[in-house]
Amino acid sequence: MYGQAVVQSHTVSVECHKEKLRDDSILPFSAFLTDNFGRRHSYLRISLTEKCNLRCQYCMPDEGVKLTPRSQLLSTAEVLTLARLFVREGVEKIRLTGGEPLIKPDVLDVIKELKKLEGLKTIAVTTNGMNLARLLPKLKDAGLDLINISLDSLVPAKFEFIVRRKGFHKVMEGIEKAIEMGFNPVKVNCVVMRGLNEDELLDFVALTEKKPLDVRFIEYMPFDGNKWNFRKMVSYQEMLDLIRQQWPDLERLETGGTTAKTFKVPGFKGQMGFITSMSEHFCGSCNRLRITADGNLKVCLFGNSEVSLRDVLRSGASDEELLQIIGAAVGNKKKQHAGMFNISKMKNRPMIHIGG
Ligand SMILES: C[S@@+](CC[C@H](N)C(=O)[O-])C[C@H]1O[C@@H](n2cnc3c(N)ncnc32)[C@H](O)[C@@H]1O
Ligand code: SF4
């Protein structure tokens, strides 16, 4: 079930570590997906496309991005081959992202195929919501379990300023429909930026009074071309203080999740979470891996080391050889990211090319 064969090592120290794990009489989790700090990577994010129908300021550089030629992007068959391999090794959750995953013409087929993978418990999508209302019934039939919808403003004109396109009402329609269709939770991702939307925090929380939404306030993160600076970032603590002034009895929920710090206003139907990647990183419990649309494995969102699984696949490598490459990359994952100021100076890709 888990990878067993020993193929020539790529990194001696990593290989020793794998050997040690393989020697254990009970293998609790794939050695290839376990890093040198014991983190088990059971969550894979796959970017289905670099294209997008919005142009969010925090994600897409002003000048746009150069799209990778089609022949260098993973084909759907390659995406599924990699997904099968990762699930066989113990991945339990796959999130489809991008770019905008719902503009990928065969996204429904991808979900249907993923649904057949034994051991995969959750298929999730992160979407900007533009095509959501129309696609939701088909997404549900295909087997989609979880949905995150990005929405950074409740004011139509401001929404359009942030995403540099029209479409506020389409996104709201998608959110309403997801609730109606019983997706639970419906998560709303809101990147909070000073001077843009931090004045809407309380309005987003108020949305959770009547709607069973899980609003995720995301600290603004630096990526290439997004003009991040520290002053534009609103920290978790600052957001929490602001919300507590309005709702002093805000309750912390113990959700057992690894990323969001979750709260609820007593009596409200929904709840809120904070993604504190900048001010209080959660690298110690990180269980995520990413595959970019051009087939690179990225073990850390904020790290610039990547390995091309596409090239390995296309060289005709066996599953075991692929696993060795994956194992070496995962094994070398750093303990934690370099800290927000260092990250902001580091070369990384724009977010639209990584897949959030
Ligand atoms: C890159 S998008 C891809 C999926 C889809 N297009 C969407 O917008 O939901 C995934 C998530 O990353 C978030 N994101 C993008 N750039 C970000 C940044 N600089 N800081 C924090 N979150 C960011 C977006 O808000 C979105 O929720
Ligand atoms: S955040 Fe999502 S919707 Fe916005 S530009 Fe990036 S990929 Fe597109």
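We did not get these values from a lab; they are worked out from the coordinates using the rules stated. Predicted model, so just to flag it, every value in this text is computed and none were measured. As a convention, Cβ positions derive from the backbone with ideal geometry for all residues, glycine included, and neighbour counts pool all protein chains shown.
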Calculated over segment 102-147: convex hull of Cα atoms, volume per residue (Å³): 63 Å³
Scattering from the C-alpha atoms of the chain alone, worked out with Debye: what is log10 I(q)/I(0) at q = 0.10 1/Å? -0.61
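Out of all DSSP beta bridges with both ends in the chain, state the antiparallel percent to the nearest 5.
30 percent
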Restricting to Cα pairs below 8 Å that are 6+ residues apart, what does the relative contact order work out to for segment 86-234? Please round to a whole percent. 19 percent
Report, to the nearest 10°, how far helix 319-331 tilts away from the longest principal axis of the Cα atoms in the chain, using its own Cα long axis and a range of 0 to 90°. 60 degrees
Footprinting proxy, THR68, THR126: sorted fewest to most Cβ within 10 Å, the residues are THR68, THR126
Relative contact order of segment 181-312 (C-alpha contacts under 8 Å, at least 6 apart) in percent is 22 percent
For the chain, calculated [θ]222 nm from helices alone, where every DSSP H run of n ≥ 4 adds -39500 (n - 2.57): -9500 deg cm²/dmol
If packing is taken as the average number of other Cβ atoms within 10 Å across a peptide's residues, how do 288-296, 337-345 rank, most packed first? 288-296, 337-345
Expressed in angstrom and rounded, the centroid-to-centroid distance over alpha carbons for segment 76-134 and segment 293-356 is 19 Å
Please state the relative contact order of the chain as a whole percent: Cα pairs under 8 Å, 6+ residues apart? 22 percent
What's the ranking of 60-67, 302-309 by average number of surrounding C-beta atoms within 10 Å, highest first? 302-309, 60-67
Rounded to 10°, Cα long-axis angle of helix 76-88 versus longest principal axis of the chain: 80 degrees
Full-stretch length increase - SER71, ARG134 - with 0.36 nm per residue and alpha-carbon distance subtracted: 19.7 nm
